Amino acid sequence: MVRLVAMPFEGLLGNGCELKIIEFLLPLKGLEFNLSELSEEISVSRPTVDRIVKKFVKWGLMKVSSTHGRTKYYSLNENSDFIEVFENLNNRLVEQMLGEEMLYKIGEYRMHHTPVCTPKSMPLSEEVAGWIREPFESQTEVKESAIFRDARDFPNSIIAMGVTDAA
């Protein structure tokens, strides 16, 4: 059953390569992938992924998010009406597969397992507030080494602290 929920389109529409890419990327909105990464993640040949991604970019489902050297990184185009339709279809398929009873159990669980405490907001010091209002020139520069595309790019010290769990 877990397999069906993980890939709801496949359960209804088959396992076409296009669907594999959409199913893989839907829960990962905002993350970037190059063609080799996509190919490896969905177990489809790189030439096939290249062909499909070009088609998706042409249709506006995906976009080139960034380029590092000669490598292009792609992500879902969150402004695409198609993506909204796919998300709605995905949610409806998952609801259908789980059934009303399971959805009720999930809702009950969430109601009874809410966080016990909520973090308090802390006032910013004048120094920090000044940085936010008037950033230093070095703070506005985007350095390629500071861009984290996925968890593998985070320094191990940050991963060990569990900071990436919130992402």
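Structure values in brief
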| quantity | calculated |
| --- | --- |
| Placed amide H near TYR74: partners under 5 Å, 5+ positions off or other chain | PHE33, ASN34, SER65 |
| Label-to-label distance, nm, for residues given as HIS68 and MET102 (7 Å Cα→Cβ offset) | 3.6 |
| Chain lengthening between ASP50 and GLU78 when straightened (0.36 nm per residue, less Cα-Cα) | 8.1 nm |
| Built amide H within the under 5 Å cut-off of MET62, gap 5+ | VAL57, ASN77 |
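None of the figures in this text is laboratory data; all of them are computed from the coordinates on show. Just so we're clear, the structure is a prediction, and the values are computed from it rather than from any experiment. Virtual Cβ from ideal backbone geometry, glycine too; neighbours counted across all protein chains shown.
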